[in-house]
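The structure appears below as structure tokens.
The values are calculated or read from the model by the stated rules, or taken from the named source; none is laboratory data. Note that the structure is predicted; figures quoted are calculated from it, not measured. Ideal geometry is used to build each Cβ from the backbone, glycine not excepted, and the neighbour counts take in all protein chains shown.
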Amino acid sequence: MAFASTLTSQAHDGAGNSASSPANSASEITIGEGHPTHTPGAGRFAPSPSGDLHLGNLRTALLAWMWARLTGRRFVLRIEDIDRVRSGSAQRQIDELQALGIDWDGEVLIQSSRAHVHDEAVKTLLRNGYAFECFCSRKDIREAASAPHVPPGHYPGTCLQLSASEIARKREEFAAEGRRPALRLKAPVSEWTVYDEYFGEYTGPVDHFVIQRSDGAPAYNLAVVIDDAFQGVDQVVRGDDLLSQSPGQAILAHLLGYPTVTYAHVPLVLAQSGARLAKRDGAVTIEELAERGVTIAQIIEVLARSMGIEGVHSASQLLESMDTETLRALPRQPWTPDLDKLFA
Ligand code: GLU
């Protein structure tokens with residue numbers, strides 16, 4: 001891939017709002033030659049197959065599907081199986097989405113099938129100076145004193161300070177032990193602005209995040225960007241726990257020459273304690289609910305109500321009753337239903 005043109009500002013295509021973003025005016029950012037564009041664009045749902053989908057995942061999937069369908073987009077499904085995989089879970093998730101009444105276009109993309117493409121992108125980034133080797137262990141990172149300008153939880157920058165001879169020495173040490181360094185993004189900016197349907201213009205710091213793990217596997221933050229572009233995704237609807245990842249993913253997309261995407265980070269469904277939904281909360285998956293006699297129609301009714309739509313009992317009815325205005329009016333706070341009473 002050739003890194004050709006120079007980017008001076010970032011456009012977004014969200015909601016007819018402003019087309020450029022002053023925060024993204026860094027010069028010297030080079031981008032590639034672009035990517036085949038798909039018309040129309042697509043929305044997507046991209047679960048990690050780490051277990052059955054719970055009410056929060058189902059709600060996010062419905063929202064992503066409706067956002068796509070109501071804005072004239074295709075809707076695609078991708079199983080992100082490069083991390084956190086439980087055997088059999090991918091097929092179960094696909095079955096659950098189908099049972100819920102969600103439909104998608106084309107085949108389900110299995111992320112691990114694209115390892116060679118992820119590897120190529122890593123090589124391109126390295127060649128162009130947008131990646132560096134990181135020899136740090138988790139402990140090194142934990143114990144490193146963070147420079148004052150490094151946001152909490154971000155990479156402290158240790159391996160960026162290494163001299164050429166130190167790098168050569170570390171490489172030898174690693175090679176002698178049969179280990180390889182992780183690769184991290186060296187972004188040419190420290191922050192980036194994205195457009196989000198719920199958060200508006202959102203500017204956040206860009207971390208030197210891992211793009212290739214030390215076991216050679218592509219990292220989530222890399223693969224998600226490459227595969228979204230491959231599937232023609234220009235609308236990313238997902239849980240708002242991933243909002244802070246979006247500036248880094250967006251700059252990476254720019255560096256790889258992909259079109260800008262619009263985000264819609266939707267609130268999570270949490271237990272009333274404020275904790276993430278878990279087994280201990282009781283029945284939160286379709287199967288667990290079915291064991292208690294709760295039907296798909298009831299699940300849809302309850303999820304629809306949480307989105308401001310009353311009295312619908314199927315995904316298609318929900319889609320018919322929904323409009324983009326109601327989608328945009330979704331409360332920003334997490335939805336914290338009393339799970340014992342929800343289906344009583
Ligand atoms: N695979 C990720 C997850 O299930 C979601 C990735 C995304 O939507 O960007 O947490």
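One residue stands out in segment 236-290 among those that are without any contact (Cβ under 8 Å) to a residue 24 or more places away in the chain and of a type in the set (Gly, Ala, Ser): the one that is nearest to residue 193 (Cα to Cα), namely 275.
Among the conditions (1) surrounded by fewer than 16 Cβ atoms within 10 Å (Cβ to Cβ); (2) away from the ligand (no atom under 12 Å from the Cβ); (3) not acidic (Asp, Glu), the only one that residue 254 does not satisfy is (1). Scoring residue 275 on the criteria (1) at pLDDT 95 or above; (2) surrounded by fewer than 18 Cβ atoms within 10 Å (Cβ to Cβ); (3) within 26 Å of residue 51 (Cα to Cα) leaves a single failure, condition (1). Inspect segment 185-207 for any residue being in contact with a Lys or Arg (Cβ under 6 Å, 6 or more places away or on another chain), over 30 Å from residue 70 (Cα atoms) and buried (at least 17 other Cβ atoms within 10 Å of the Cβ) and give the result as yes or no. Among the residues of segment 185-207, not one is in contact with a Lys or Arg (Cβ under 6 Å, 6 or more places away or on another chain), over 30 Å from residue 70 (Cα atoms) and buried (at least 17 other Cβ atoms within 10 Å of the Cβ), which makes the answer no. Restricting attention to segment 308-344, the residues that are surrounded by 15 or more Cβ atoms within 10 Å (Cβ to Cβ), touching a Phe, Trp or Tyr at 6+ places or on another chain (Cβ under 9 Å) and in a loop (DSSP other than H, G, I, E, B) add up to 1. Can you say whether residue 118 is out of contact with any Lys or Arg (no Cβ under 8 Å at 6 or more places or on another chain) and either charged (D, E, K, R) or at pLDDT 95 or above (or both), as far as the supplied structure shows? So residue 118 passes the test.
Give segment 168-185 a look and list any residue that's outside any strand (DSSP E or B) and in contact with a helix residue (DSSP H, G or I) (Cβ under 7 Å, 6 or more places away or on another chain), or say none.
To start, the set of residues in segment 168-185 that are outside any strand (DSSP E or B) comprises 168-181.
Result: 180, 181.
Figure legend. Inter-residue proximity from segment 62-89: first residues more than 13 Å from residue 105 (Cα to Cα) and of a type in the set (Phe, Trp, Tyr), second residues modelled with pLDDT of 95 or more and not in a helix (DSSP H, G or I), beta-carbon distance below 7 Å, spacing 6+ or different chains. Indicated pairs: 67/43; 67/235; 67/237; 67/264.
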